[in-house]
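Contents: one structure, followed by commentary.
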Amino acid sequence: MSGAGAGGGVAGDAPLSRARWWILALCALAIFSSYYESDVIGPIADLLLRTRGFTQSQIGDLNAAMSLPNIPLALFSGQLIDRYGAGRVVLWAAVIGFLGAVMTAIGEPYALMWAGRFTFGISEGAIFMALVAALATWFPRSGIALATALFLSLARVGSYSADVSPTLAKPLYDAGWQPPLWLGAAICGLGLVAAIAYRLIDARRSAPAIGAPPVHRPFAWSDIWSFDLSFWSILGLHVLYAAVFFPFRQTYAIEYLQHAKGLTNAAAGQVNSGVFAAAVFATPVFGLLADRIGHRSLLLCFGTILLPVTFLVLGLTDLSPWVSTVLMGVSWALVPAIIWPSTTLIVEPRRLGTALGLITALQAAGLWASNRLAGWLADQAGASPAHPEGYTTMLWFFGLLSLTALASALALWWRERSALGHGLENAGTESRRPAAAAG
C-alpha cells in the first residue's frame, strides 16, 4: 500500500514512530467495540424467540443483514482506503456503526432492527479493513504479524464480552431483550471515541510523511485479475472459514447449546465465550510463532482441519460441549493470527486496500448466504427446544462447508510447497526485508 493510501508513510519508515503502540491500542479498542456489537444478537436469540416470537430465519436474517452491504460496498471501501487513507475511513465507518447500533437497540418494529443491523454492517466491513491497513503502515514488516495478532486478540475480547454479558450484565438481560442492545450501542460509542483519537494522531503524521501529492490511478478490474493463485487460494480460505465460524458462533451456537445440550442461557454463553477467551491469549502466540518459523500455509491447514472435527464432536458424541470449545478455540486463535498478516505479505502494498475489499465483499456474500441457509435448514427440520434433533441438519451443513475451507487451505499449502507462490512458507523467516517490498 502506498504511503498516501494509509494516511502517511509506509511501514518501515525510519525512525519508527513511538506512537505506533498508541495506534495499536486505539485500533484494538475500535475493533473491540465492533466485534461486541457484531455478536450482540446471539446472547438474546432465545429472548427474541420467546418474547417477540421471532423465527429462526428472522434471527439469522439479523446477522445476515450485516453482510449484505459489504457485498457491493467492500471493494469500494478498499478503494477509499487506498485513495483517502485508513484514518479517514476508520472515522467514517465508526460514525456509521454507532448509528446502526442505536437503530438496532431501538429495535421496534422488526424492520428497524433489521435496518440497524444492515447499517452497522456497512461499518463492520470497512472499519476492519481500514484498521488492518492502518497497522500495516504503522508497523514494520518484521513486526506486523505480532501487531496484527495483538489487534485480533482485543477483537476476541469483544466477542468474549458479548458472550459472557448474560452473566456480567444479568440485570440487563432480566429486564428484556432491549437493554443488552443499548449496552452494545454504548460500547460502539467508545469505539467511535477511539476512532476520533486515531484520526487525530494519524492526521498529524500524514502531512510531513507524504511529501508530494500522491498520484491516484483509477480503479480497473484488471487490478483484481492480476492477483496470483496464492491470493485466490487464501481468499477462498478467508471466505469459507468465515462462512462456517461466524454464522455458527455468532448466531446459532448459544441457542443450540441451550436447546440441544440443555444448558441455561448464561452457561451456554460461557461455553461459547471460551472460543474467544482462548483466542485472546493464543492468537499473539501463534502470530509470533509464524514470524519465527514460517510454514504459514501448513499452520493454516492444521487450524482449518479442527473445524470439521468440532462439528463431528458436537453432533455425533456426548462429550462435554467444552471439548468443541477447545477445538474451535485453537482453530480460531490460529487461523486469523496467520491469515491476515499472510494476506499483507502476499499482496503488493499499493493494492492492499483493493485486495482487502475483494476479500471482504466475498466474505460478506458467504456470511449472508450461510446465515440464511443455516436458519432455513433449522426451520425446515423443526429445530426447537421441543425438537433438538432438528439442529442436526444445520450441523451437517457447517461440517461439510468446513471441509471446503480445508480444501482451500490445502491448495495454498500445495502451491507454496511447490514454490509456485510468493514464498509464504518462509515469509516468517524473511521478515527483515524492507517493509515496502511486495509480498
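Of note:
- Shown in residue order for the stretch 406-412 are the 3J(HN,Hα) couplings computed by the Karplus curve 6.51 cos²θ - 1.76 cosθ + 1.60 at θ = phi - 60°: 4, 4, 5, 5, 5, 4, 5 Hz (x for Gly and Pro).
- Within-14-Å neighbourhood charge of Ile31 [Cβ basis; K, R +1; D, E -1]: -2
- Residue with peak Gaussian network fluctuation, the chain [Cα springs, cutoff 10 Å], from Ser273, Ser384, Ser342: Ser384
- Full-extension gain in nm, Arg52 to Leu190, via 0.36 nm per residue minus C-alpha separation: 46.8 nm
- Normalised by residue number, the volume inside the convex hull of the Cα atoms of the stretch 91-133 is 42 Å³ per residue.
- Two-decimal Rg to Rh for the stretch 23-106 - Kirkwood Rh, Cα set: 1.04
- Short-range pairs are left out: with C-alpha atoms under 8 Å and at least six residues apart, the relative contact order of the chain is 28 percent.
- Relative pair counts by distance (%), Cα atoms of the stretch 17-62, 5 Å bins: 5, 19, 18, 13, 10, 9, 9, 7, 6, 3, 1
- On the principal axes of its alpha-carbon atoms, the stretch 230-347 has extents of 45, 26, 21 Å, going from largest to smallest.
- Within the chain, helix-based [θ] at 222 nm, where runs of 4 or more DSSP H residues each add -39,500 (n - 2.57), nearest 500: -25500 deg cm²/dmol
- Overall Cα dimensions of the stretch 71-146 - principal axes, largest extent first, Å: 50, 24, 18
- The chain: Rg to Rh, with Rh as the Kirkwood radius over Cα pairs: 0.96
Taken together, the values in this text are just the output of simple stated rules run on the coordinates, not laboratory data. Remember, predicted model here, so these are calculated numbers, not experimental data. All Cβ positions, even for glycine, are placed from backbone atoms using ideal geometry, and neighbour counts span all protein chains on display.
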